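**Student:** The structure is given below, and queries will be raised subsequently.
The values are calculated or read from the model by the stated rules, or taken from the named source; none is laboratory data. This structure is a prediction, so every number in the text was calculated from the model and none was measured. FYI the Cβ positions are ideal-geometry reconstructions off the backbone, even for glycines, and counts take in every protein chain you see. Surface accessibility is based on the protein's heavy atoms, side chains included, excluding ligands, DNA and RNA. Shrake-Rupley method; radii C 1.70, N 1.55, O 1.52, S 1.80 Å.
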Amino acid sequence: LDQLKIDQSFVHNLGVRHTDDVIVQTIIGMARNLELDVMAEGVETPEQKAVLAEYGCLFFQGYLLGRPMPVEQLQEMLLNK
């Protein structure tokens, strides 16, 4: 085990439901104490990413960063960067 993932249901309500912010902060704190990386899933807005980064989350996945695509298309995109 080297990573904890924050479920998208908590990410979706960041800044809306105080309890979700507290849960996210608790997950990140627990991961730090266990020397684990934290990945947030379901990141769809720059605001969500900014809040997560402020709390100490460094890894993100979600539509903000890209939509699902075939492997070949991803490889092509990465080669053309």
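**Student:** 7 Å from Cα along Cα→Cβ at both H18 and E41: what's the point-to-point distance in nm?
**Tutor:** Distance between label points: 2.9 nm.
**Student:** Are there any chymotrypsin sites (Phe, Trp or Tyr not before Pro) in segment 11-81 that are in a DSSP loop and have at most 12 other Cβ atoms within 10 Å? List them by number.
**Tutor:** In loop regions of segment 11-81 (DSSP not H, G, I, E or B), the sparsely surrounded chymotrypsin sites (Phe, Trp or Tyr not before Pro) are Y63.
**Student:** Counting only protein heavy atoms and using a 1.4 Å probe, what share of the accessible area of the chain belongs to carbon plus sulfur, as a whole percent?
**Tutor:** Accessible surface attributable to carbon and sulfur in the chain totals 54 percent.
**Student:** Report the normalised scattering of segment 1-40 as log10 I(q)/I(0) at q = 0.21, 0.23, 0.28, 0.31 Å⁻¹, calculated by the Debye formula with identical scatterers on the alpha carbons.
**Tutor:** -0.58, -0.67, -0.88, -1.00
**Student:** Could you list which residues have their amide H under 5 Å from that of A40, counting only those 5 or more apart in sequence or on another chain, with H placed in the peptide plane?
**Tutor:** Correct list: I6, F59, F60, Q61.
**Student:** Could you tell me the extents of the chain's C-alpha atoms along the three principal axes, largest first, rounded to whole Å?
**Tutor:** 40, 29, 18
**Student:** With the other protein chains left in place, how much accessible area per residue, in square angstrom, belongs to segment 26-71 at a 1.4 angstrom probe?
**Tutor:** 64 Å²
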